[in-house]
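Taken together, the values in this text are just the output of simple stated rules run on the coordinates, not laboratory data. Here the structure is a predicted model, which is why all the values come from computation and not from measurement. Counting neighbours? That spans all protein chains shown, and the Cβs are built from the backbone with ideal geometry, glycine included.
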Amino acid sequence: MIPPIPRAPPPPTDLSKIPAKNRISTIAREHGVAALIKFRKDIWRADNSNSLLHPDAYLSDRLMKEILDKFSILKSVEAVVNILAPYKRLRNQEHALFALLTALQVRSRDTE
């Protein structure tokens with residue numbers, strides 16, 4: 001019998017670098033998704049320059065997942081600035097997002 005070819009382990013993802021004990025709980029993630037969807041709609045409604053865009057153009061589901069995956073390490077405005085840097089439609093939203101994440105941290109501690 002031919003032995004299977006050993007596979008290299010997959011490269012670490014951002015989430016795999018965060019210890020399991022520091023990851024957001026399922027309940028907190030659900031609250032986070034709801035809060036980020038509301039945040040996305042608020043940003044979309046406030047932007048009068050382009051009403052043709054869908055709210056996802058401001059804060060995609062993929063970015064929401066990344067924010068929630070990195071929830072435990074987004075402890076400063078600078079960390080939020082770094083994650084939002086590539087997204088031009090989210091410029092000047094760093095403080096608002098950090099405030100939302102701070103409120104979610106308090107709520108997630110209450111639900112544990």
Which ³J(HN,Hα) values in Hz, rounded to whole numbers, follow from the phi angles of region 23-33 under the Karplus curve 6.51 cos²θ - 1.76 cosθ + 1.60, where θ = phi - 60° and Gly and Pro get x? 7, 6, 6, 4, 5, 5, 5, 4, 5, x, 4
Two-site FRET efficiency, K21 against S76, from Cβ-Cβ distance with R₀ of 30 Å, rounded to 0.05: 0.90
Near D56, within a Cβ-to-Cβ distance under 12 Å, what is the net charge of the other residues, with Lys and Arg +1 and Asp and Glu -1? +3
